[in-house]
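What follows is a set of notes on a single structure, which appears directly below.
The values are calculated or read from the model by the stated rules, or taken from the named source; none is laboratory data. Just so it is clear, the model here is predicted, and its values are computed rather than measured. Virtual Cβ from ideal backbone geometry, glycine too; neighbours counted across all protein chains shown.
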Amino acid sequence: MDKKHRTLLIIISIIGWATIGGLGWYFINSFTSKPKKVKGVAEYDTLIQPTHYKTIASQAFKNVVLETDLGPVQIYFEPSEKHSVKFHQSYLKYVDMNYEGDTLVIHAKKTPKSTKEMPVFKQIYVYAPDIKYYRGEASQTTFSYFSIEQLKVESRSSWVRFYGTHIENLELNTEHPCNYRLEDNSYFGNVKADINDNSAMTCLSYIQNDLVIKTKNFKKIDISNENVKKLIIEK
């Protein structure tokens, strides 16, 4: 082979190996290098994340009255140093608040039917250092973690629950069907309950002194006897 052909083969070989090496480096770098940062917004970042609840500062109150036009409403009472009320944003325009002396009156208006596209969360949170009296028409009422001297509840709720509370004197009254539940993590000094024929009561709490129940039908009363020091039945 003459010198001319030999030189041509060397050049072709060099070009071929360079091409193969370049392709190999490209594929290796593609799989091992860190992904490049690309400016833009991921799909999940474009989703709107609204603040679901709005807390409204309130003037001081000792009593709460909840009135409803129609439909289920859930109301939750929780202790706080400051007085305030919290609503879900979808429910704000359907609720009015006003004050009558030291009584907070909440009026829940009739709301449209909640749908998947336009949900309405009918939940109300009431925060206060102390509550003396509550009258309400909510479908569900919950008192949590209060440590107070006395509380009177005149309920039109279908369900009232006491969770983690410490109340020295509790009075329960209703003329409507209602299920009262006093949880085992609550403590009471004295409890007086008027339970009508259409209502029920479950008492798992510790009651230091007297549990006075006025009822004509004891079948709907469930009491943990070991936690109640003295049970008095009135008819």
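Of everything in the stretch 82-120, what is within 17 Å of K132 (Cβ to Cβ) and in a loop (DSSP other than H, G, I, E, B)? Give them in sequence order. Hits for the stretch 82-120 are H83, G101, D102. Criterion applied to I223, I167 was being modelled with pLDDT of 95 or more and surrounded by 18 or more Cβ atoms within 10 Å (Cβ to Cβ), and the one residue passing it is I167. Each residue in the stretch 127-152 was checked for being of a type outside the set (S, T, N, Q) and assigned to a strand (DSSP E or B), and 11 pass.
The residue of the stretch 137-152 that is surrounded by the fewest Cβ atoms within 10 Å (Cβ to Cβ), among those that are in contact with an Asp or Glu (Cβ under 7 Å, 6 or more places away or on another chain) and farther than 16 Å from S80 by Cβ, is E149. Within the stretch 122-132, being touching an Asp or Glu at 6+ places or on another chain (Cβ under 8 Å) and either surrounded by 17 or more Cβ atoms within 10 Å (Cβ to Cβ) or of a type in the set (A, V, I, L, M) (or both) holds for Y125, V126, Y127. Restricting attention to the stretch 170-188, the residues that are more than 21 Å from the chain's Cα centre (by Cα) and surrounded by fewer than 16 Cβ atoms within 10 Å (Cβ to Cβ) total 3.
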